[in-house]
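A quick write-up on the structure given underneath.
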Amino acid sequence: MTDLLTVEDLRITYPTRQGPSEVVRGVSFALGRERLGIVGESGSGKSQTGRALLGLTPAPGIATARRLEFDGIDLRQASPATWRALRGIRISMVMQDPKYSLNPVMTIGRQIVEAYRTQKGGAKTAARDRAMAMLEAVQIRDPSRVFNAYPHELSGGMGQRAMLAMMLITEPDLLIADEPTSALDVTVQLEVLAILDRLVADRGMGLIFISHDLRLVSTFCDRVLVMYAGRIVEEVKASDLANARHPYTQGLYTCLPRIEGSQRPLQTLQRDASWAL
Amino acid sequence: MISREWLLTDQPGSRRQARYGQAFRTWLSLRSNRLAMVGFWIIAALIGIAIFAPWIAPYDPVVGGDLRLDRLIGPSWDHLMGTDDQARDIFSRVVYGARLTLLVVALVAVIATPIGLAVGTTAGYFGGWVDVVLMRITDIFLAFPRLILALAFASALGPGIENAIIAIAITSWPPYARLARAETLTIRETDYINAIRLQGASSPRIIWGHVVPLCLSSVIVRVTLDMAGIILTAAGLGFLGLGAQPPQPEWGAMIAAGRRFIIDFWWVATMPGIAIFIVSLGFNLLGDGLRDALDPKGRK
Amino acid sequence: MNLIEISNLDVTFGSFANTVAAVRDVSFNVAAGEAFGIVGESGSGKSTVLRAICGLAPVTGGTIRIDGQPLKTPRDAGFYRRVQMVFQDPYASLHPRHTVDRVLAEPLAIHGFANAETRIEQALADVGLGHGFRFRYPHQLSGGQRQRVAIARALILEPKILLLDEPTSALDASIQAEVLNLLDRLRSERGLTYILVSHDLAVVAHMCERLLVMQHGRTVEELTRAELQGRRAQQPYTRALLVASQGYVGQTPTLEKA
């Protein structure tokens, strides 16, 4: 299997008053058509990594890499035209809160149709049919109502599904999902994950799932990268997470309270300065 | 010992150190903005000139020279900005005029800001009929053009610089009240206000100790930006004869006096005009810079 | 002896035609020294129950009694000395322009407590923050440190009852463990009574002896910790929550939505 995405030695630097500070420090991984999880706490650089893959590092940050290749295209030297042909078409991104990613003054349907037609062109009616089919595919029970609704008229779960529909209508090869379910209730969360799961299985899409929720990632993804202070400290098979070797991963896992009863007081994470080196 | 390290420490050891440190950070952020510093130095120069006017001005601002020889002389090394029709040195008058300008600006700020803050935060915090009554009063004041309203007050109170200041102050608080109210409406819903309510704090305590400090920065910015307008209103009142009375060296009144011979002796009206322009610009630049420096969200 | 008795609580927002019933007919009792959990998803009304107790939301029906006494509206100073609250988002619950010192001194000044100096130092020590934090501003603190300050603020008046509104949901997992341990220790040291609201069953199972499951403003069921741990929930909604809390399980679980 050839790799869809190859990242080697990705570094993201921000200038500060005290001199440059690296928030991502040499991240390397390869992604096939699989579900890859990136787990870490706030400030670990996991979201920065996700954005850098799309060339969306917020200013004044600077992202550099020894190798950054998507399906044979070198993303480091990508021109604005190349990016336009990739973003939202071959690589899509879903963010945490649909409220901030959807245009508040345009109906959901128009946004999805527009996303489709900018890439594939074609007649309005055809695009409309595709959009309705997509809304159905993301398990929206009443697609025509959602099609004509404005973002504020939808609940969080609905909004996130509409967002997914918009991101997926162009049939991307790679989806980067940054905490896509964190703003949702647990029961809705699972339904959204099931949609993603099916898309990976049916279409052979690659998925990078960025989350702080170790339990969710370990049950959902195939492979997990654990990030700490801008580095990948461990890569494990998701099913083996309970037997992780790195003390940080172990600590993250054991500090979660469990319904079945957990030790009292809870184990806390004793951070070791050497992890950040 | 106040050192840079002492001010910028992450672990201040006393209330005083925490407050100074915070102020120093604001200053650092202001200092990194070049245009704001231009404004800052203009205002600093204005204050310096006002304080040291007797030493800077080469002539008396009120008593002119020889009316036969020294009237309406163009700018020269003896009279940097020329002389006016009373044979007075315009440079000296502009220098002394800085005092009047500063007086107007300072008094209006001191009178109008607290009124605006008090009305706005009270209306916003309580809502309901308190809000309706206070805001309708504010609307009445806002309904008239400022200069016209100031003109009405100034003519009712009688001409003179003190009355002009009062008239300007009375007419300039409504925008601050509006601004403070809008800010208060969002602040009062936050959890830190809920938290202090749950500590059993009284409404005046919450408004004064918790709401006002948060409205203060945006109101200060607005007042600073308005200073240019206030100076112009004062000048306008002076120009119309309702502000400072002759022979006081008020910039607006000086322009009014110079307009009769603006074609033949342009410097008489132009020099105080340039002074008004520079000071207005200074306040505008400083206000813009303060907006960035005082924004708590924008700072790390 | 029940310290807190809530019977048939209704909370309705809005007026005339535009009303929203956030809480409908909710009843429960909490014994002194107990930790009681309320679990639900967004819009279940779980936080509104807490807000109704402390007077931030209007009680439109039913009664709330503490120590057998019905609460007065508005709440009096004595109430605030017995009941305090910790909010969900530590980034929003501390005044951005007040130092930690000011945050802690304010309640002492309101209630006229003597020797503020020693009490503030003690309160900081109790929540595991040293003297070095006393004169910092909130923006100089991490999320976990802020939540510790919020807990110190709630405890400085020495209340008997602490209302906790999702106190750890905005924090990283490792920080959550530290804050939960802190809350646990403070409860046993001071004999506090907790009402803890959370969307996370595991957190509630860890912290509380009994819990109430809420959905759409109504009670679904009341469970003990043992019943929860033994997964002996009666209602399908609670069972769905239990399944969901295990993480992703392969295919879409069929959820019954009331």
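The values are calculated or read from the model by the stated rules, or taken from the named source; none is laboratory data. All of these numbers come straight from a predicted model, not from anything done at the bench. Note that each Cβ is placed from the backbone with ideal geometry, even for glycine, and that neighbours are counted across all protein chains shown.
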Hits in region A:204-226 (condition: surrounded by fewer than 20 Cβ atoms within 10 Å (Cβ to Cβ) and more than 10 Å from every other protein chain (Cβ to nearest Cβ)): A:G204, A:D222, A:R223
So C:H206, is it in contact (Cβ under 8 Å) with a residue 24 or more places away in the chain, surrounded by fewer than 21 Cβ atoms within 10 Å (Cβ to Cβ), within 12 Å of chain A (Cβ to nearest Cβ) and more than 30 Å from C:A109 (Cβ to Cβ): no
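Among the residues of region C:152-163, count how many are part of a strand (DSSP E or B) and surrounded by fewer than 24 Cβ atoms within 10 Å (Cβ to Cβ). If you could, list the steps in order and put the result at the bottom.
Looking only at region C:152-163, we keep the residues that are part of a strand (DSSP E or B), and these are C:161-163.
With the extra rule that they be surrounded by fewer than 24 Cβ atoms within 10 Å (Cβ to Cβ), the set shrinks to C:161-162.
Qualifying residue count, region C:152-163: 2.
One line per residue, one yes/no per condition, for (1) within 25 Å of B:Q199 (Cα to Cα); (2) under 18 Å from the mean Cα position of the chain (by Cα); (3) touching a residue at least 12 places away in the same chain (Cβ under 8 Å):
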position	(1), (2), (3)
C:I6	yes, yes, yes
C:V20	no, no, no
C:S27	no, yes, yes
C:V30	yes, yes, yes
C:G33	yes, yes, yes
C:G45	yes, yes, yes
C:A52	yes, yes, yes
C:P58	yes, yes, yes
C:D67	yes, no, yes
Extreme residue, nearest to A:I62 (Cα to Cα), among residues of region A:76-111 that are surrounded by fewer than 19 Cβ atoms within 10 Å (Cβ to Cβ) and in contact with a Gly (Cβ under 7 Å, 6 or more places away or on another chain): A:A78
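Taking the residues in region A:227-275 that are of a type in the set (K, R), without any contact (Cβ under 8 Å) to a residue 60 or more places away in the chain and surrounded by 14 or more Cβ atoms within 10 Å (Cβ to Cβ) as candidates, determine which candidate is farthest from the other protein chains (Cβ to nearest Cβ). Step through it out loud before you land on a result.
Step one: of region A:227-275, the residues of a type in the set (K, R) are A:231, A:237, A:245, A:258, A:264, A:271.
Now restrict to residues that are without any contact (Cβ under 8 Å) to a residue 60 or more places away in the chain: A:237, A:245, A:258, A:264, A:271.
Adding the requirement that they be surrounded by 14 or more Cβ atoms within 10 Å (Cβ to Cβ) leaves A:258, A:271.
Working: A:R258: 6, A:R271: 8 Å.
Checking each candidate, the answer is A:R271.
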Residues (under 27 Å from B:S218 (Cα atoms), in contact with a Lys or Arg (Cβ under 7 Å, 6 or more places away or on another chain) and charged (D, E, K, R)) located in region C:76-132: C:D101
Which listed residue, of B:T190, B:T171, is in contact with a helix residue (DSSP H, G or I) (Cβ under 8 Å, 6 or more places away or on another chain) and either of a type in the set (D, E) or at pLDDT below 95 (or both): B:T171
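Mind checking whether some residue in region C:240-249 is buried (at least 21 other Cβ atoms within 10 Å of the Cβ), at pLDDT below 95 and not in a helix (DSSP H, G or I)? Reasoning before the result, please.
Taking region C:240-249 first, the residues buried (at least 21 other Cβ atoms within 10 Å of the Cβ) are C:241, C:244, C:248.
After this cut, where a residue has to be at pLDDT below 95 as well, the list is C:241, C:244, C:248.
When the remaining residues are screened for being not in a helix (DSSP H, G or I), the result is C:248.
Among the residues of region C:240-249, at least one is buried (at least 21 other Cβ atoms within 10 Å of the Cβ), at pLDDT below 95 and not in a helix (DSSP H, G or I), which makes the answer yes.
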Filtered residues of region B:77-101 (kept if crowded, with 18+ Cβ neighbours inside 10 Å, among the aliphatic types (A, V, I, L, M) and in contact with a helix residue (DSSP H, G or I) (Cβ under 7 Å, 6 or more places away or on another chain)): B:M81, B:I90, B:V94, B:V95, B:A98, B:L100
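So, B:F144, is that one surrounded by fewer than 24 Cβ atoms within 10 Å (Cβ to Cβ), of a type outside the set (D, E) and not in a helix (DSSP H, G or I) or not? It would help to see each step written out before you state the result.
Details: surrounded by fewer than 24 Cβ atoms within 10 Å (Cβ to Cβ): yes; of a type outside the set (D, E): yes; not in a helix (DSSP H, G or I): yes.
So B:F144 passes the test.
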For A:V192: the one exception among (1) in contact with a strand residue (DSSP E or B) (Cβ under 9 Å, 6 or more places away or on another chain); (2) assigned to a helix (DSSP H, G or I); (3) over 30 Å from C:E189 (Cβ atoms); (4) within 11 Å of chain C (Cβ to nearest Cβ): (1)
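Assess whether C:I64 counts as being out of contact with any Phe, Trp or Tyr (no Cβ under 9 Å at 6 or more places or on another chain), β-branched (V, I, T), more than 14 Å from chain A (Cβ to nearest Cβ) and on the phi < 0 side of the Ramachandran plot.
Considered against the rule, which asks whether it is out of contact with any Phe, Trp or Tyr (no Cβ under 9 Å at 6 or more places or on another chain), β-branched (V, I, T), more than 14 Å from chain A (Cβ to nearest Cβ) and on the phi < 0 side of the Ramachandran plot, C:I64 comes out as yes.
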Single condition C:R134 does not satisfy, out of (1) farther than 27 Å from C:G45 by Cβ; (2) modelled with pLDDT of 95 or more: (2)
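Condition test on B:I220, is it at pLDDT below 90 and within 14 Å of chain C (Cβ to nearest Cβ)? Explain how you work it out, then say what you get.
Working: at pLDDT below 90: yes; within 14 Å of chain C (Cβ to nearest Cβ): yes.
So B:I220 fits the description; yes.
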Any hit, region C:176-183, residues being over 15 Å from the mean Cα position of the chain (by Cα), within 11 Å of another protein chain (Cβ to nearest Cβ), farther than 15 Å from C:L124 by Cα and crowded, with 23+ Cβ neighbours inside 10 Å: yes
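Mind counting the residues in region C:192-203 that are more than 10 Å from chain A (Cβ to nearest Cβ) and under 11 Å from C:K46 (Cβ atoms)?
4
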Of the criteria (1) at pLDDT 90 or above; (2) more than 14 Å from chain A (Cβ to nearest Cβ), which one C:A17 fails: (1)
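Could you please let me know if B:A164 is crowded, with 23+ Cβ neighbours inside 10 Å and either farther than 14 Å from C:H95 by Cα or in contact (Cβ under 8 Å) with a residue 12 or more places away in the chain (or both)?
Yes.
Determine whether C:T238 is among the hydroxyl-bearing types (S, T, Y) and more than 13 Å from chain A (Cβ to nearest Cβ). I'd like the intermediate steps shown before the answer.
Working: among the hydroxyl-bearing types (S, T, Y): yes; more than 13 Å from chain A (Cβ to nearest Cβ): no.
No, not satisfied.
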Any hit, region C:68-84, residues being buried (at least 23 other Cβ atoms within 10 Å of the Cβ), within 9 Å of chain B (Cβ to nearest Cβ), in contact with a Cys (Cβ under 7 Å, 6 or more places away or on another chain) and not in a helix (DSSP H, G or I): yes
Residue within region C:124-134 that is within 14 Å of chain A (Cβ to nearest Cβ), in contact with a helix residue (DSSP H, G or I) (Cβ under 9 Å, 6 or more places away or on another chain) and aromatic (F, W, Y) present: no
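Scan the strands (runs of 3 or more DSSP E) fully inside region A:3-100 and keep the ones with 2 or more residues being on the phi > 0 side of the Ramachandran plot.
A:19-31
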Selection within region A:119-153 - within 14 Å of chain C (Cβ to nearest Cβ) and either touching a residue at least 60 places away in the same chain (Cβ under 8 Å) or surrounded by 14 or more Cβ atoms within 10 Å (Cβ to Cβ) (or both): A:A137, A:V138, A:Q139, A:I140
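If we only count helices (runs of 4 or more DSSP H) wholly inside region B:1-76, which ones have 1 or more residues that are surrounded by fewer than 15 Cβ atoms within 10 Å (Cβ to Cβ), among the basic types (K, R) and within 14 Å of chain C (Cβ to nearest Cβ)? Steps first, please.
On the way: elements: B:4-8, B:15-31, B:34-51, B:53-56.
Qualifying helices (runs of 4 or more DSSP H): B:15-31.
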Residue within region B:171-193 that is of a type outside the set (F, W, Y), surrounded by 18 or more Cβ atoms within 10 Å (Cβ to Cβ), in contact with a strand residue (DSSP E or B) (Cβ under 9 Å, 6 or more places away or on another chain) and not in a helix (DSSP H, G or I) present: no
